[in-house]
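Here the structure is laid out as structure tokens; the discussion comes afterwards.
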Amino acid sequence: MKGFDYLQAELNEMKKQGTFRTLIPLESDQGAKVVIDGREVIQLSSNNYLGLTSHPRLQKAAIEAIEKFGAGTGSVRTIAGTLTMHKELEEKLAKFKHTEAALVFQSGFTTNQGVLSAILTNEDVVISDAFNHASIIDGIRLTKAERKVYNHVDMKDLERALKESNNFRVRVIVTDGVFSMDGNIAPLPEIVELAEKYDALVMVDDAHASGVLGENGRGTVNHFGLDGRVHIQVGTLSKAIGVLGGYVASSKTLIDYLIHKGRPFLFSTSHPPAVTAACSEAINVLLEESELIERLWDNTKFFKIGLEQLGFNTGKSETPITPVIIGDEALSHQFSDKLLTYGVFAQGIAFPTVAKGLARVRTIVTAEHTKEELQAALDIFEKAGKELKII
Ligand code: PMP
């Protein structure tokens, strides 16, 4: 084969199978409705849970930060790229998460990679839920630690893995707080109990729980009343917070350690002022506009019940992430295409993001959707679902 022919062959195979995807650009800001190909459609694919991507307070904070501090920072954090606003954001995040300290990374993805690769050596073992996010899987791959994967949310299997992990220096259990493809919540109280019994550390990736669960959106740890019993809380600033970035909230010891050893933190330029200021304002919004989270949950219930009443399989979702499980990959993409034709943007998701045979259209409602928009979306789901004989 010449050049990239071997890659093209794989792409051609995807085209044959109906799984080849093209990127769909939005011609508007992110919101309850977006413009695609000149048409306004109902957006059910974003992680913009609270509608903060275009919140006037965040926009104003970003503009003021650019005017005062410029467009970029010109350095990594540890050399010359730390602004006072970075420190202020981290202090705010630590307070929000009820931890001693916090550290911001460039994304949630690099936070998981940076934390796991920094804290684990070949003397340690990491025990990971089978459905954890790709960034956790990749973070684990970057370490020389022994890896054990327990069956998804299966506490018996987790205990088995812990029993097999006696003779390691450190045991770390890592789990998503809310699983991104199914919308179910990790059984954190049981995980913490097992961790305490077997002397393990617990790391929770609350990308989909921050801004969604717990008091003012503090996440799963707070939701379950486990403040102080989970050692590492990872969050993202890119979903409910509406901007970009990731962070880890933990003890001062871990944060000081990551400032020296967290490779994405050390070797990648810090967030620009606009991003940092908007994230900081987003935390204020979470604390001051709790009606946003109430609306998110109200919309979630309305839409989930609507889908179930139509006869769709929504799996075990307990949060605003509601999958419509189709099974067949090609059918799932066909369904998504049809929804878009009729005015709903809900992406088809297939292997390798989810297991083979469990392809789905994933929906996420936001606080911004009106009931009329959600009802219109349900009507379109019904029409497209019947046409494709899914319901
Ligand atoms: N963890 C989970 C569970 C996620 O769903 C995501 C986003 N897909 C990330 C981490 C990565 O976050 P970010 O988009 O901020 O890199």
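With just the Cα atoms defining each centre, how far is segment 261-277 from segment 166-181? Give it in Å. So the separation of the two Cα centres works out to 25 Å. Segment 100-145 gives an Rg/Rh value of 0.98, both radii derived from C-alpha positions and Rh following Kirkwood. Across segment 253-269, coupling constants 3J(HN,Hα) worked out from phi with the 6.51/-1.76/1.60 Karplus curve, θ = phi - 60°, read 4, 5, 5, 4, 5, 5, 4, 9, 10, x, 4, x, 5, 6, 10, 9, 4 Hz, and Gly and Pro carry x. For the pair Lys389 and Asp298, a Förster radius of 25 Å applied to the C-beta separation gives a FRET efficiency near 0.20, rounded to the nearest 0.05.
Restricting to DSSP loop positions (anything but H, G, I, E, B) with no more than 13 other Cβ atoms inside 10 Å of their own Cβ, which trypsin sites (Lys or Arg not before Pro) remain in segment 62-162? Within segment 62-162, the qualifying trypsin sites (Lys or Arg not before Pro) (loop, at most 13 other Cβ atoms within 10 Å) are Lys144. Under 5 Å from the amide H of Val365 lie the amide H atoms of Thr322, each residue being 5 or more positions distant or on a separate chain, with H modelled from the backbone and absent for Pro and chain starts.
When only alpha carbons are used to place a centre, segment 35-65 and segment 342-380 end up 18 Å from one another. Extending 7 Å from Cα along the Cβ direction at Leu23 and again at Phe267 yields two label points whose distance is 2.4 nm.
Summarised in one figure, the compactness ratio Rg/Rh of segment 174-240, Cα atoms and Kirkwood Rh, is 0.95. Rounded to the nearest 0.05, what FRET efficiency do Asp154 and Lys68 give with R0 = 45 Å and r taken as the Cβ-Cβ distance? Could you check? Efficiency computed from Cβ-Cβ geometry: 0.30. Ordering Ala274, His152, Leu292 by the projection of their Cα atoms onto the charge dipole of the chain, which places +1 on the Cβ of Lys and Arg and -1 on the Cβ of Asp and Glu, puts His152 at the extreme positive end. Its Cα gyration tensor gives segment 30-125 an equivalent ellipsoid, and the semi-axes of that ellipsoid, as √(5λ) in whole Å with the largest first, are 31, 22, 14. With contacts taken as Cα pairs under 8 Å at a separation of at least 6 residues, the chain carries a relative contact order of 22 percent. Using the rule -39500 (n - 2.57) for each DSSP H run of four or more residues, divided by the residues of the chain, the 222 nm mean residue ellipticity is -13000 deg cm²/dmol. Dividing the Cα radius of gyration of the chain by its Kirkwood radius returns 0.97 for Rg/Rh. When you work out D = kT/(6 pi eta Rh) for segment 79-285 at 4 °C and 1.567 mPa s, using the Kirkwood radius from C-alpha pairs as Rh and the Stokes-Einstein form, the result is 77 µm²/s.
Taking 0.36 nm per residue of separation and subtracting the Cα-Cα distance, full extension of the segment from Met14 to Thr78 would add 18.7 nm. In order along segment 274-279, the Karplus-derived 3J(HN,Hα) couplings, from 6.51 cos²θ - 1.76 cosθ + 1.60 at θ = phi - 60°, round to 4, 5, 5, 5, 5, 4 Hz, and Gly and Pro are given as x.
Any read-out appearing in this document is the output of simple, stated calculations on the displayed coordinates, not a laboratory observation. The structure presented is a predicted model; accordingly, all values stated were derived computationally and were not measured. We place every Cβ from the backbone using ideal geometry, glycine too, and count neighbours over all the protein chains shown.
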